[in-house]
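Step one of this worksheet: look at the structure below.
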Amino acid sequence: MRDVAIIASAQAINAATTTATPVEMLIPVVNQVLENAGIARADIGFWCHGSCDYMTGQPFSFVSAVDALGAWPPIIESHVEADGAFALYEAWIKIQTGEVDTALVFGNGRSSSGDINRILTLQLDPYVVGPLWPDDRSIAALQARACLESGVVTERAMAEVAMRNHHNAISNPYALRRGDHTIDELMAAARVADPLRELDCPAHADGVTAVIIAAGDRARSLAKRPAWIRGIDHRIESQNLGNRSMTTLPSAAAAAHKAGVGSDKIDVAELHAPYTHQELLLTSALGLGESTSINPSGGALCANPMMSAGLARFAEAAARIMNGSADRTLGHASSGPWMQQNLVCVLEGE
Amino acid sequence: MSGGTTEYTIVEDGSFTAPLELSYPYKRTVGPVLSRFLTGLRDHRIEGTVGSDGRVHVPPAEFDPVTGAALTEWAPVASTGTIVTWSWQPSPVEGNTLQHPFAWALIALDGADTNLLHAIDAGSPEVLSTGMRVQARWAAEPSGSISDIECFELAERATGAAS
């Protein structure tokens, strides 16, 4: 296997709404990540994009994103209909083939183009679930109640997750929602999708994240302290909600095992858990303990830009290595109802 | 997956005109398994497929989750069941079978080993709890779809009601 590292990242400030087109949102972030890496556009070997046509309501909408890259002279480019973190996985494989040494990976989405809770209904089984139009919060709330009633989470623990993430987001300039709350205040708030309260639910946002990865000595020449990808793995569970565990995340546990999470201490974990109870389930599935700092960025609760929130977690986890504040971190991306898909990445400094 | 049923007209100069609908108006063709299940709902009959481990899947699984083999054995289940988990929908949206506040629930139908997602017409979240008994309320005009079950209602409340 070739050693591959994240060597630079850039994010847009997450917004509740924006009037910019996807291309207008992408251009400054793509330019910024190139500048941060100190690499010329022509020296990028592979470009990989994560986005979703359902966000824009337009087939092949991702093709226009190439306008933000500059496609002359011709570039090698690919797209996944998923979060940019999954595009990073593809780019990592592309570098493993030996065809390229560098890749620029980006994810973007404008959640405000439509009713995001309704757009997310379209990811459900289209035959026996989707036609009833359950929204995203209602689906998450079914899982939350099962977790509460089985005792694997408590309302207080969920409130603590909300409190910690919103506090952490105060120091994250890209976050959409932030602030200090007390447990009592959080637990007294009205339920928006019983048993969930507003701050148990993700802050959907319009956003962009871009990351540059590079192989071996190329990475060492571009960054003082690259964040080396030591393990990366993607696992998926059934699309059938009625035949899935509501209180455990076997796909996340399997991905963590394959990525080697448990072989040493994790200093920082950036988790793409959209709902508070899901962060608790995920922390348990990944085997993370007290010694791991969870979501110093505030996580998806404080900014959940569709199709880039997972890649933003990777960027945040890498930044802790690159700035020397951590030696071993974890980036996580999820997708689908009840975190049906889980992508786990272990990063280390040298 | 096939295209939508766009209505078009031919105007005087011979050109076609059609309305522009900004959505994905896909229609899906269901295979033999879901076709049998949905046709059964039209006739007020709920049935599931039997997995290699003997578990009855409702809605039916087309392929065995354990072995991956195509499933061909069917088993009837009841139109009554038990609430496994639920959430409250205070503001129904377009497409919901009920247009007043209702509950979403996963329901273990009697005779099934997996859970069915559907709506419960309960009136208020205060009366609901996991483990309550529910029974299907059939739609007045069946169409061979999952919404042929309009919703479920609490069993004790439904006693004596036409269904």
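The values are calculated or read from the model by the stated rules, or taken from the named source; none is laboratory data. These figures come from a predicted structure and were not determined experimentally. Positions of Cβ are generated from backbone atoms using ideal geometry, with glycine treated the same way; all protein chains shown enter the neighbour counts.
Taking A:Pro126, is it more than 30 Å from A:Ser221 (Cβ to Cβ), part of a loop (DSSP other than H, G, I, E, B), within 14 Å of chain B (Cβ to nearest Cβ) and touching a Leu at 6+ places or on another chain (Cβ under 8 Å)?
No: the conditions fail for A:Pro126.
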- What number of residues within the range A:69-97 satisfy the criterion of being assigned to a helix (DSSP H, G or I), aliphatic (A, V, I, L, M) and under 19 Å from A:Met306 (Cα atoms)? 3
- Counted residues in the range A:44-81 being within 14 Å of chain B (Cβ to nearest Cβ) and not hydrophobic (A, V, I, L, M, F, W, C) come to 8
- Scanning the range B:48-71 residue by residue, the ones that are under 19 Å from A:Tyr127 (Cα atoms), surrounded by fewer than 18 Cβ atoms within 10 Å (Cβ to Cβ) and not small (Gly, Ala, Ser) total 4
- Query: Could you count how many residues in the range B:98-128 are more than 9 Å from every other protein chain (Cβ to nearest Cβ), under 23 Å from A:Cys147 (Cβ atoms) and among the charged types (D, E, K, R)?
  - Reply: 1
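Looking at the range B:144-159, which of the residues that are more than 10 Å from chain A (Cβ to nearest Cβ) and within 15 Å of the chain's Cα centre (by Cα) is nearest to B:Trp104 (Cα to Cα)?
The qualifying residue nearest to B:Trp104 (Cα to Cα) is B:Phe152.
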- Task: Specify which of the listed residues (A:Ala71, A:Ala65, A:Ala15, A:Ala40) is out of contact with any strand residue (DSSP E or B) (no Cβ under 8 Å at 6 or more places or on another chain) and more than 16 Å from A:Phe314 (Cβ to Cβ).
- Result: A:Ala40
- Give the residues of the range A:108-123 that are in a helix (DSSP H, G or I) and not β-branched (Val, Ile, Thr), sorted by residue number. A:Ser111, A:Ser112, A:Ser113, A:Asn117, A:Arg118, A:Leu120, A:Leu122, A:Gln123
- Taking only the range A:129-142 into account, find how many residues are more than 7 Å from every other protein chain (Cβ to nearest Cβ) and of a type in the set (A, V, I, L, M, F, W, C). 2
- Item | Single unsatisfied condition, B:Ser79 versus (1) at the interface with another protein chain (Cβ under 9 Å from one of its Cβ atoms); (2) buried (at least 18 other Cβ atoms within 10 Å of the Cβ); (3) among the hydroxyl-bearing types (Ser, Thr, Tyr) | (1)
- In the range A:104-118, which residues are of a type outside the set (S, T, N, Q) and within 11 Å of chain B (Cβ to nearest Cβ)? A:Gly114, A:Asp115, A:Arg118
- Give the residue that is farthest from the other protein chains (Cβ to nearest Cβ), with candidates limited to residues of the range A:192-207 that are among the aliphatic types (A, V, I, L, M) and either within 11 Å of A:Ala303 (Cα to Cα) or without any contact (Cβ under 8 Å) to a residue 24 or more places away in the chain (or both). A:Ala205
- Query: of a type in the set (A, V, I, L, M) and modelled with pLDDT under 95, is that true of B:Ala162?
  - Reply: yes
- Query: When you go through (1) more than 9 Å from chain A (Cβ to nearest Cβ); (2) surrounded by fewer than 17 Cβ atoms within 10 Å (Cβ to Cβ) one by one for B:Gly95, which number turns out not to apply?
  - Reply: (1)
- Screening A:Gly260, A:Gly336 for residues that are surrounded by fewer than 23 Cβ atoms within 10 Å (Cβ to Cβ) and within 21 Å of A:Gly50 (Cβ to Cβ) leaves only A:Gly336
